[in-house]
């Protein structure tokens, strides 16, 4: 399949500098969608200044900030829903002036999950735009990540984000259209790089690699947390992960598995069990229970991060992971798991890595071997087949609120409709024996038990770790 990039620009004659710099096709009319439902996307459409997008959703549309979607009140509501810090001007004053404690100091143009640069700002306009500014330093990198999150939460792919800073804290101020940022050649260059990555992603370049670093905790007979650092080092196949305390110190209470990556879901699940066996050999206290899930112990959120190698991270894939993987897994969670969101487990939470990227939204699926199998099977299907999926129910803020709060009633029917689309993907039959049991669990509204010792669930001997 050949993928192309097309810039749909409503008034090209008014943007001659921009169009002159473009190295991809553009025009004033939208391209045609796929010929039939279920067909894969063939064109990435950059809606540069489109006010009324097409009603046919069978296009991969990259939408930017424009006059129609710059509802400040709606943006604030959505940011708060996603746990994104934000602050607004007071009494009509320009941000960064008057009585405000916060000062706007970063302007971040973003295109498709990437900051084009991070520039000093006086709250009204960038004041350092002579050269491309790479994010440098922890505060600048955090500002860049926050800007990407802010646009993604609004369902947008490009625009200009103002970020405020005060004593190390960061907050989003506002978003603006790309025309607000000069020089326009930077946007054209970002689109060219996007187009190159798009085309490269469809060239045969090896298999998809799947990995993970799921977390679990140890608790004693009284239900108290036992620090993982008592048994293992920070690094290794079985290690401990840190949490930051209120006084700024770090503690290492969490256990983390780092199984070997694999080219298929079956190998990935075998690697997880092998890592659990390695943990049993190191943790020689049979009185400890091993718990996973989202939050089996108060104030101790756990993640089930998934790693993708050999896959290009794009917004179409990221939204497919949110809707077709994170949402079904959320329906398997026990009630306490919802308490980790949205501070942990926010939709679209990712980190770029040398091998590819890490998807960080799911809770620790170690609480259920079935959920573990489903997580890896869905990861594989979505990595290879997301171009055929256009459904995005989590574009609805009300459903997003249900997701974060763990309110499942309306989401069961949504996921059943999504599953019909999953079942039509090439390769679904290869993992049907893993996925259909989870589908039945969701239909029957069954969940994992975050209080169960995961060693028993995974058939890891409790009393004789040397024989695992």
Exercise for the section: Scan the range 158-191 for residues that are free of Cβ contacts under 8 Å to residues at least 60 places away in the same chain and assigned to a strand (DSSP E or B) and report the count. Expected result: 2
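One line per residue, one yes/no per condition, for (1) assigned by TED's automatic domain parsing to the domain that holds residue 215; (2) within 30 Å of residue 196 (Cβ to Cβ); (3) surrounded by 23 or more Cβ atoms within 10 Å (Cβ to Cβ); (4) touching a helix residue (DSSP H, G or I) at 6+ places or on another chain (Cβ under 6 Å):
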residue	(1), (2), (3), (4)
354	yes, yes, no, no
359	yes, yes, yes, yes
362	yes, no, yes, yes
372	yes, no, yes, yes
Problem - Selected residue (only one of 194, 202 is assigned to a loop (DSSP other than H, G, I, E, B) and either touching a residue at least 40 places away in the same chain (Cβ under 8 Å) or more than 19 Å from residue 44 (Cβ to Cβ) (or both)) - result: 202
Practice task
Among the candidates 439, 445, 455, 351, single out the residue that is at pLDDT 95 or above and within 26 Å of residue 151 (Cβ to Cβ).
Solution key: 351
Practice task
Just give me the residues in the range 228-246 being closer than 20 Å to residue 211 by Cα and at pLDDT 80 or above, in sequence order.
Solution key: 234, 235, 236, 237, 238, 239, 240
Handout entry: Members of the range 105-135 found to be modelled with pLDDT of 60 or more, more than 20 Å from the chain's Cα centre (by Cα) and assigned to a loop (DSSP other than H, G, I, E, B), listed by number
Key = 117, 118, 122
Practice task
Hey, could you check the range 333-344 for residues that are in contact with a helix residue (DSSP H, G or I) (Cβ under 8 Å, 6 or more places away or on another chain) and not in a helix (DSSP H, G or I) and say which is farthest from residue 78 (Cα to Cα)?
Solution key: 334
Problem - Any hit, the range 375-398, residues being farther than 21 Å from residue 297 by Cα and free of Cβ contacts under 8 Å to residues at least 40 places away in the same chain - result: yes
Completion exercise
Inside the range 345-370, the number of residues satisfying the requirement of being free of Cβ contacts under 8 Å to residues at least 12 places away in the same chain and part of a strand (DSSP E or B) is 1
Problem - Pairs where the first residue, in the range 105-119, is within 15 Å of residue 197 (Cβ to Cβ) and the second is in a strand (DSSP E or B), C-beta under 7 Å, 6+ apart - result: 111/158; 112/62; 112/158; 116/109; 116/110
Problem - Residue in the range 195-206 that is modelled with pLDDT of 95 or more, touching a strand residue (DSSP E or B) at 6+ places or on another chain (Cβ under 9 Å), over 20 Å from residue 354 (Cα atoms) and surrounded by 21 or more Cβ atoms within 10 Å (Cβ to Cβ) present - result: yes
Problem - When residues of the range 1-31 are limited to those that are modelled with pLDDT under 80 and in a loop (DSSP other than H, G, I, E, B), the one farthest from residue 193 (Cα to Cα) - result: 1
Exercise for the section: Check whether at least one residue in the range 422-430 is surrounded by fewer than 13 Cβ atoms within 10 Å (Cβ to Cβ), in contact (Cβ under 8 Å) with a residue 12 or more places away in the chain and within 29 Å of residue 257 (Cα to Cα), and report yes or no. Expected result: yes
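The values are calculated or read from the model by the stated rules, or taken from the named source; none is laboratory data. None of the values given here were measured: they were computed from a predicted structure. When we count neighbours, we look across all protein chains shown, and the Cβ atoms used for this are built from the backbone with ideal geometry, even at glycine.
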